[in-house]
Amino acid sequence: MRPSTSPAADSQEQGNATFALMCSDLRKHYDQGPAVIDVLRGIELTLERGERLAIVGSSGSGKSTLLNLIGGLDTPDQGEVRLLGKPFSSCGDNQRGKLRNQHLGFVYQFHHLLGEFTALENVAMPQLIAGVSKRQALEEAAVWLGRVGLSERVEHKPAELSGGERQRVAIARALVNKPACVLMDEPTGNLDRQTADSIQSLLAELSDSLSTSFIIVTHDERLARSMDRVLVLQDGLLQPQTDGISKTASQEAGVEVNNG
Ligand code: ADP
Ligand code: MG
């Protein structure tokens, strides 16, 4: 369905990699005055094609730091992230940007849509960056807005949309280039329960019909449980979840409610 600049090259590149994403021995620290915060202490992660992973953990445990490394937005002190078998560390800035544009999608707690552009133009943006013609990009964007249930809102600007609708636009934008993996940082963190549930259903429906992998960082217990696998980020390491999501995480979910 995606008009691509080089579909053959894309599928060959994707076809050669066994896993969507691999992290090995990822380490990251921050200097806070004289103190050193070891946020990530050797993250190991393998994400299969099409797998849906939730990462939970208390506030400040390093979830956003990890997603930023996985998304190539920041560089680790040590260790490596491989996207479709290709290590980010071997890429220059241009190539890294291209990898991100082609193979990754991003959704954040706050939609990060461009306020002066319509929903349609916002969703078309990653296609335009990929070099697709404007006409094709807008057509493809319209298809994706339809898939997220927003056919009636294509000409609306972000300020004219509800919180849930803005997140739907952000999801359409994250998926429009058919990435290997979508990274979401608290995608329902700013939504009321009902709107969050509708976003969860949408993600389930989309991921069932796509071969895209998802990594969702969330305090939303229901959303986490709807994924294939849940890992907990604690003490700088990813661990399998044993006894449900921590109290802290559930409590935080309870207070992070706002407009829908
Ligand atoms: P989470 O997303 O799990 O809430 P973060 O990844 O945002 O956690 O932050 C992890 C820790 O690293 C926190 O203690 C935070 O204060 C610290 N931190 C994050 N970014 C920076 C930065 N740019 N400089 C210094 N410390 C940072
Ligand atoms: Mg965070």
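The values are calculated or read from the model by the stated rules, or taken from the named source; none is laboratory data. The structure displayed is predicted, hence computed values, not measured ones. Counting neighbours? That spans all protein chains shown, and the Cβs are built from the backbone with ideal geometry, glycine included. Surface accessibility is based on the protein's heavy atoms, side chains included, excluding ligands, DNA and RNA. Shrake-Rupley method; radii C 1.70, N 1.55, O 1.52, S 1.80 Å.
Things worth noting here:
- Cα-based shape type of the range 163-232, given that a ≥ b ≥ c are square roots of the gyration tensor eigenvalues and the cut on a/c is 1.5: oblate
- Over the chain: helical MRE at 222 nm, DSSP H runs n ≥ 4 each giving -39500 (n - 2.57), nearest 500: -11000 deg cm²/dmol
- Among Glu165, Glu80, Glu205, residue whose mean-square fluctuation peaks in a GNM of the chain (springs only between Cα atoms under 10 Å): Glu205
- Lysine pairs within the chain, Cα separation less than 23 Å, 8 or more sequence positions apart or different chains: 10
- Semi-axes of the equivalent ellipsoid for the range 136-195, Cα gyration tensor, largest first, Å: 19, 16, 8
- Relative contact order of the chain: 27 percent, from C-alpha pairs under 8 Å at least 6 residues apart in sequence.
- Largest-first principal axis extents, alpha carbons of the chain, Å: 52, 41, 37
- Carbon/sulfur fraction of accessible area - the chain, other protein chains in place, 1.4 Å, %: 48 percent
- Converting phi to 3J(HN,Hα) with the Karplus coefficients 6.51, -1.76 and 1.60 and the offset θ = phi - 60°, the range 86-93 yields 9, x, 4, 5, 8, 9, x, 4 Hz in sequence order, with x at every glycine or proline.
- Amide H contacts of Arg52 (H built 1.01 Å from N, in plane; Pro and chain starts excluded): Phe214, Asp228, Arg229 sit under 5 Å, all sequence-distant by 5 or more or on other chains.
- A straight line joining the Cα centroids of the range 119-136 and the range 166-232 runs 22 Å.
- Comparing Thr195, Thr218, Thr18 in a Gaussian network model of the chain (Cα springs below 10 Å), the most mobile by mean-square fluctuation is Thr18.
- Karplus-derived 3J(HN,Hα), 6.51/-1.76/1.60, for each residue of the range 60-69, Hz, glycine and proline x: x, 6, x, 5, 5, 4, 4, 4, 5, 5
- Note on the chain: antiparallel DSSP beta bridges, both residues inside, total approximately 55 percent of the bridges counted.
- Probe 1.4 Å, protein heavy atoms only - accessible area per residue of the range 29-106 in square angstrom: 46 Å²
- Proximal charge balance of His29 [Cβ under 13 Å; K/R count +1, D/E count -1]: -1
- On a per residue basis, the range 114-174 carries 45 Å² of accessible surface, using protein heavy atoms and a 1.4 Å probe.
- Considering only Gln241, Gln95, Gln32, the mean-square fluctuation computed in a Gaussian network model of the chain, springs between alpha carbons under 10 angstrom, is largest for Gln32.
- Two-site label geometry, Glu160 and Leu210: point separation in nm, points 7 Å out along Cα→Cβ: 2.6 nm
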